[in-house]
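These notes concern the structure reproduced below.
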Amino acid sequence: MASVSMEQFTPELSTPSTQQREPNIYQIQRIAVLGAGTMGARIAAHFANAGHPVLLLDLPSPGEDRNSVAAKAVDLLKTSKPPALADPSLTALIRIGNFEDDLASLKNCDWVIEAVAENLEIKRALLCRVVPYLHSKALLTTNTSGLPVAKIGNALPADVRRRWLGTHFFNPPRYMRLMEIIATPDTDELAIAAVTEFAGLKLGKTVVPARDVPNFIANRIGTFAMINAFRIMKERGLTIEEVDALTGSAIGWPKTGTFRLADMVGIDVLASVARNFAGLSNDERADVKLPAAVETLIERKWLGDKTMQGFYKKERGTDGNEVRLVLDMERLDYRPAARVVIPELEMAKAAHSFAARFRALLSGNPEKDKAAGFYWRFLSELWFYAANRIGEVADSLVAIDRAMKTGFNWEYGPFEMWDMAGIQQVVTRMREAGAPIPPAVSALLEAGGTTWYRSGGEEYFDPGSGTYVPARRSADAVSVAILKRTRDVFAENASASLVDVGDGIGCFEFHSKMNSIGQDIVDFLRRNLDPSSEAMRNFDGFIVANDAENFSAGANLMQLLLAVQDEEWDEIDHFVRGFQGMTQAIKFCLKPVVAAPCGLCLGGGAEISMHATSRQAHLELYTGLVETGVGLLPAAGGCKEMMLRALDSAKSVRPHGGAEAVEVHDALRQAFETIAMAKVSTSAYEARAMKLLDNRDAITMKRERLVADAKARALRLVREGYAAPVQRTDIPAPGQTVFATLKLGVFLMRQGEYISDHDVKIATHVAHVLSGGNVTAGTPLTEQYLLDLEREAFLSLCGEKKTVERIAHTLKTGKPLRN
């Protein structure tokens, strides 16, 4: 495996508190994972993502290569979908071994995670073998999706039981934020604190304490919801496709819905989790009884994606095209999947907010409307079930909401959704249906409460005390929404705000749809970053950040399309100049500007990020200059910045002299491919490799920390005496030789029929800008000259019919058109 430096792969993390405190006796630096199956290997991979060396052990293999089980697991990590590793080179941080030869290595490990099969006896047997090799302060945890933690560890020595707890990672660990932490009566509180802090700070997890009951929180409620959907589907005569549409993005749940999710998770895994309910009361066991059809699927080994068929499967039709088939639950054979047409879902899409859409879906007649009929039954039973779990699976309803949002990727937790629907309306309907009202709901109504949360979510109802209590938040989690309620909003318009986040730092927040960048945002940033502005007098530095899943989807294409269709060329020219003025105002601002890119950061969003003084990126950063996908090129300085970074990296190859021509060619070819092929990073690490981030930019593991980390980075720049850069006027033009080389590559791509004629035209414009235009190599260029080249190329492409077709197609379908 390639050697890597720890410094290269260690994300920069902010210190959670400056207060002095006693050091925890449990210090985590070295980690081991026992079990190299899908889950164990991916847990190890995520420790590597965080920059931590990890030991991965599994059963020994016969023959010379006794570590082949773990070795194969690591090899699979490099090609797993979705990628388990933020960068393939991170496998260098995973050391492999086996349970026979390498248990002695555990004496150096501070946290040992057992992640073998979900079988009580297998887990116990391995733990007995492991205990003699643990040092006296080593933490020992089990990754189980629902087995009783105390029962797994009840044979451990008393001193080890103090360091024993459950740490339930959700699959895939890199992307699923939830980690349920399950203590036993013997667990030392300092052990819980050590794991909680490490998992939150270093692994980016939302840690939720769960009671040691079957399936804990998320699997308990999520499995009930899935199996209940099976039952209601049958009662109401719905199809699998219809239930997936109803239980998907329409209600803020993953678009997989119920049955597609079961295929992804594994139908056998779903059944295994459901069987854990056997330890519950008879009434609740009946609530989660698996349909007979599911048992038949397991017998036939139709287990979902892992066996290529489950509730869905794909086949090749007679015309050679792939056909998606869906299971008929009555006949237990497959038929072609049908397009779902539920009018209420289509009409609800027009709602201006999730809450409005959600209420619209519930407003129909349950006796006549397919959506309303399903939702009133499905959601009300889910809400009542969740209310009955308060105090059983978790201490509070907040923990339940957090678990469902971060473990099942629900946009809102069940109690947050219930508040939107209206507590009293739901209770009235359920009383009419003869359903028993949960004690927690009765306590809320008796206390005069009308919602589970109040004061913008700052307080929640606690059934035990019968009062509203503060919702405790992680000290390192900073929300722009909360800051807007508690501090000054310095300035705002319909698409952006400037929020005072304290300590002399202002936060530019975008809040347009998908944070797309239109004239409102361009004007807002230019005005407030002007050297004579009031904002510049009031703040010492700025961050560009928000609470949304995505930083920015790029420029507002609808505005551009309308202007192109109306042939408003002067207006388009004015907008591009303004966009360029905005990115230059960011780059040359007299105060430091730190961007906090996360999620999708595309096109114009990437250009804003690239021009910032520094970047504090989330690990899950999917960024790229994707304008060629809509027939354009980056025109707000994206080409310019990629050219500058390419030239600077080429110079750094030879520290004692100028870069050789071949190095310049190679660096510019990478920049050209990044732009022309509309490449998008799959992580912040890959963004570094693509030079959309640089090696000085920092990575945050936990999304909720991103605003705080960006602010800390801005404050550091201020305290270091930040000096703004000056515009460069001595950029050596790559020249016509580079242009010719890039064009040759384009020609060969066209000859191989990898690209279209219009792609050739776009790529040629990109090559023209990156080579510095029609000048000889070495001619000194200015940044403004390069911006002018970008703008001219952009306007030229706007006049192309095929570009207009691409923009319109993307707006309509969300997908690129290769015409």
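The values are calculated or read from the model by the stated rules, or taken from the named source; none is laboratory data. Here the structure is a predicted model, which means the values were calculated and not measured. For neighbour counting, all protein chains shown are included, and Cβ atoms are generated from backbone atoms with ideal geometry for every residue, glycine included. Surface accessibility is based on the protein's heavy atoms, side chains included, excluding ligands, DNA and RNA. Shrake-Rupley method; radii C 1.70, N 1.55, O 1.52, S 1.80 Å.
If you find the alpha carbon centre of segment 476-529 and of segment 22-54, how far apart are they in angstrom? About 37 Å separates the Cα centre of segment 476-529 from the one of segment 22-54.
Between ARG339 and ALA435, the FRET efficiency estimated from the beta carbon spacing at R0 = 41 angstrom works out to 0.75.
What shape does segment 251-384 have by the C-alpha gyration tensor, where a ≥ b ≥ c are the square roots of the eigenvalues, rounded means a/c under 1.5, and otherwise prolate means a/b greater than b/c and oblate the rest? It is oblate, given that a/c is not under 1.5 and a/b is not larger than b/c. For the set HIS46, HIS135, the ranking by accessible area, highest first and with no ligand, DNA or RNA atoms included, is HIS135, HIS46 under a 1.4 Å probe. Here segment 455-472 is scanned for amide nitrogen atoms under 14 Å from the site 7 Å beyond the Cα of SER353 along Cα-to-Cβ, giving 455-457.
Beta-bridge orientation, the chain: approximately 40 percent antiparallel, per DSSP, counting only bridges with both partners inside.
Applying 0.36 nm per residue to the separation of ARG300 and ASP566 and subtracting their alpha-carbon distance, the gain on full extension is 89.8 nm. Farthest toward the positive end of the dipole of the chain, out of GLY449, ASN98, ILE482, is the Cα of ASN98, where the dipole comes from beta carbon charges about the Cα centre. Proximity of backbone amide H atoms, modeled 1.01 Å from N, is registered between GLN309 and LEU303, GLY304 at under 5 Å, excluding neighbours fewer than 5 places apart on the same chain. The label point for LYS72 and the one for GLN425, both projected 7 Å from the Cα toward the Cβ, are 5.5 nm apart.
Shown here for segment 694-801: chymotrypsin sites (Phe, Trp or Tyr not before Pro) in loop regions (DSSP other than H, G, I, E, B) with at most 12 other Cβ atoms within 10 Å, namely TYR754.
Straight-line cross-link partners of LYS72 among the aspartates and glutamates, defined as a Cα under 16 Å from its Cα and at least 8 positions apart when in the same chain: ASP58, GLU64.
Sparse packing (at most 14 other Cβ atoms within 10 Å of the Cβ) combined with a DSSP loop state is found for the following GluC sites (Glu not before Pro) in segment 300-342: GLU330.
For GLU663, the accessible area of its heavy atoms, probed at 1.4 Å with every protein chain present, is near 40 square angstrom. A cut-off of 5 Å between modelled amide H atoms, ignoring neighbours fewer than 5 places along the same chain, links THR206 with LEU178, MET179. Taking a straight Cα-Cα cut-off under 22 Å and skipping sequence neighbours fewer than 8 places away in the same chain, the lysines within cross-link reach of LYS370 are LYS234, LYS255, LYS349.
In the context of the full set of protein chains, residues of the chain present 43 Å² of accessible surface per residue (probe radius 1.4 Å, heavy atoms only). Each of [x] 44, 37, 23; [y] 63, 32, 25; [z] 45, 33, 29 is a candidate for semi-axes √(5λ) of the Cα gyration tensor in Å; the one calculated from this structure is [z]. Taking every lysine pair in segment 692-819 that is 8 or more places apart or spans two chains, those with Cα atoms closer than 28 Å amount to 13. Remark: segment 90-183 carries a charge dipole of roughly 280 debye about the Cα centre, counting +1 on each Lys and Arg Cβ and -1 on each Asp and Glu Cβ. The packing ranking of peptides 567-573, 605-611, highest mean first, is 605-611, 567-573, where packing means the average number of other beta carbon atoms within 10 angstrom of each residue.
Between segment 69-94 and segment 666-735, the alpha-carbon centres lie 26 Å apart.
Modelled label positions at ARG818 and ARG275, each set 7 Å beyond Cα in the direction of Cβ, lie 4.6 nm from each other. A simple rule links phi to the HN-Hα coupling: the Karplus curve 6.51 cos²θ - 1.76 cosθ + 1.60 with θ = phi - 60°, which for segment 266-271 gives x, 5, 5, 5, 4, 5 Hz, with x for Gly and Pro. Size estimate for segment 321-360 follows the Kirkwood approach: the inverse of mean 1/r over distinct Cα pairs works out to 12.7 Å. Across segment 688-782 the C-alpha pair distances fall into 5 Å bins from zero in the proportions 3, 11, 12, 12, 14, 12, 10, 12, 11, 5, 1, 0 percent. Rounded to a whole number, what is D in µm²/s for segment 160-199 from Stokes-Einstein with the Kirkwood radius over alpha-carbon pairs (10 °C, 1.306 mPa s)? After rounding, the answer is 149 µm²/s.
Each peptide in 527-536, 90-99 receives the mean, over its residues, of other Cβ atoms within 10 Å, and ordering these scores from highest gives 90-99, 527-536. Amide H contacts under 5 Å for VAL544: PHE508, VAL594, ALA595, ALA596, restricted to partners 5 or more places along the chain or on a different chain, H placed in the peptide plane at 1.01 Å from N. Using θ = phi - 60° in the Karplus curve 6.51 cos²θ - 1.76 cosθ + 1.60, the 3J(HN,Hα) couplings for segment 151-163 round to 5, 4, x, 6, 9, 6, x, 4, 5, 6, 4, 5, 10 Hz; x is entered for Gly and Pro.
Scoring 66-75, 538-547 by mean Cβ neighbours within 10 Å over their residues and listing the highest first yields 538-547, 66-75. Shape analysis of segment 531-618 places it in the oblate category; the axes a ≥ b ≥ c from the Cα gyration tensor give an a/c of at least 1.5, with a/b not above b/c.
Among the listed pairs LYS81/LYS107; LYS205/LYS691; LYS81/LYS691; LYS81/LYS301; LYS107/LYS202; LYS513/LYS691, those whose Cα-Cα separation exceeds 29 Å are LYS81/LYS107.
By the helix-only formula, in which each DSSP H run with n ≥ 4 contributes -39500 (n - 2.57) and the sum is divided by residues, the chain has a 222 nm mean residue ellipticity of -13000 deg cm²/dmol. You can think of it this way: the chain between ASN154 and ASP730 has 200.2 nm of extra reach, that is 0.36 nm per residue less the Cα-Cα gap.
Computed over Cα pairs, the Kirkwood radius of segment 75-204 leads via Stokes-Einstein (0.692 mPa s, 37 °C) to a diffusion coefficient of 209 µm² per second. Length gained on full extension, ASP395 to GLU235: 54.2 nm, using 0.36 nm per residue less the C-alpha separation. Surface composition of segment 372-503: carbon and sulfur atoms hold 47% of the protein heavy-atom accessible area at a 1.4 Å probe.
Note: relative contact order over segment 701-805, using C-alpha pairs below 8 Å and six or more positions apart, is 34 percent.
Figure note: ARG163, ARG335 ranked by solvent-accessible area, largest first, 1.4 Å probe, ligands and nucleic acids not counted: ARG335, ARG163.
Across every direction, the projection of the convex hull enclosing the Cα atoms of segment 729-816 has a mean area of 6.4 nm².
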